[in-house]
Amino acid sequence: MSAPAAQHQDGTPRPSAIIVFVDIRGFSQWSREIDSHESTLSLIEKFQSIIKNNFKSYYDKPLGDGTMLVKEFPNYTETAIRNEIDKICKLAIKCENEFHRLTKDIAREYGNPTSMDLGWGITRGMVIKQIKDGKTDYLGHNVNKAARLCDLARPKGIVIDREDFTSEPKSYRTLLYPQVKLLNKPYLNVPVWVSKEIYEQFQTREHQRETPEVHVAGVCIKGSLNNLEILVAQRNAKRRLFPNKWEGCGGQLRYSEKFDDGVVRHYKNEMQIDVAVVTEIPPVVYSIDTAQEPIIPGLRFLCKYAHGTAASPNHEQVKWVPLDEFQSMSEDEFPPGLKDEAIMLIKRYKDHSSQV
């Protein structure tokens, strides 16, 4: 159904609209590394032209290395909404392809290598329409939300408000995945569709949430049975949950992901190493229980180190410690129960190995 634009009590139009924010990823780093102000201006001008020429039916507001796009959209039918988001995704692909050709041309012309992509954030809802001195602008909650979602589109790709577009768009260049992003007030938990590169990007639990939320974790060992070492990582001091505590590795299980695959993925993405889950050893059931938060169930698995050098930019330090040193560490240095669970898994491993 279609509906006329609502109005605030002061007479300000409040039409329903689709809001798209697009921003250049990597622009700040690139502009710092070059000396040519002209190449920066040229890139922005041509980027804005690409967006404007493709989104001809949208109001566009240039924002330096980004653009706000708004289209008043009073048609609330499911078919119309699906058709419009599919059209936006197709246009986003076209813009990305043209932008990549542009960056290659600028690199050749000015001799400055470019490594930039586009990030997109999309919402739908009521906006505040302001017309002053013949110039139109759009403001309001949904405009701010689209800008926040665009900022989450890292390292590149698209973030779509899933409450506004309930059917998964089919025409973006990769499959889209459901997630719940944790934004600052007033948005809090926002269900979204995200593209593959965003979905696979490591993020702390404080910034995303799967639905329902289930965790997997690992205790990674290497060495001979009598000379075992355990991989431990110290959480960043700024983490809201368990700052400075030592842990193994783990996090949220993805939608339709096997437990083993989740553990392997977390070690690869977060610790930069390959591991193999020891499937013969039963996992330990644990839970994350913090004040004013829902209880989160999890399974902790024993893993064996396979390949790579352990490192994590999200931890203060990462190190291998001998088993006896690990056992001598205070339980207070770990999140509740983690040390006992790790020792239990290693005992099961030793008992199993002695029987083989």
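The values are calculated or read from the model by the stated rules, or taken from the named source; none is laboratory data. Note that this is a predicted model, so its numbers are computed, not measured. Here the Cβ is made from the backbone with ideal geometry for all residues, glycine too, and neighbour counts use every protein chain on show.
Miscellaneous remarks
- Qualifying positions in the range 117-141 - surrounded by 22 or more Cβ atoms within 10 Å (Cβ to Cβ) and of a type outside the set (F, W, Y): L118, G119, G121, I122, T123, R124, V127
- Checked across the range 37-53, the condition of being farther than 18 Å from K156 by Cα, in the same structural domain as R162 (by TED's automatic domain parsing), out of contact with any Phe, Trp or Tyr (no Cβ under 6 Å at 6 or more places or on another chain) and not in a helix (DSSP H, G or I) holds for no residue.
- Residue among T136, T123 that is among the hydroxyl-bearing types (S, T, Y), touching a residue at least 60 places away in the same chain (Cβ under 8 Å) and farther than 24 Å from V190 by Cβ: T136
- Single residue of K61, K94 found to be assigned to a strand (DSSP E or B) and assigned by TED's automatic domain parsing to the domain that holds I44: K61
- Near pairs, Cβ below 8 angstrom, 6+ apart or cross-chain, from the range 74-92 (over 14 Å from D164 (Cβ atoms)) to any residue that is assigned to a helix (DSSP H, G or I): L91/N54
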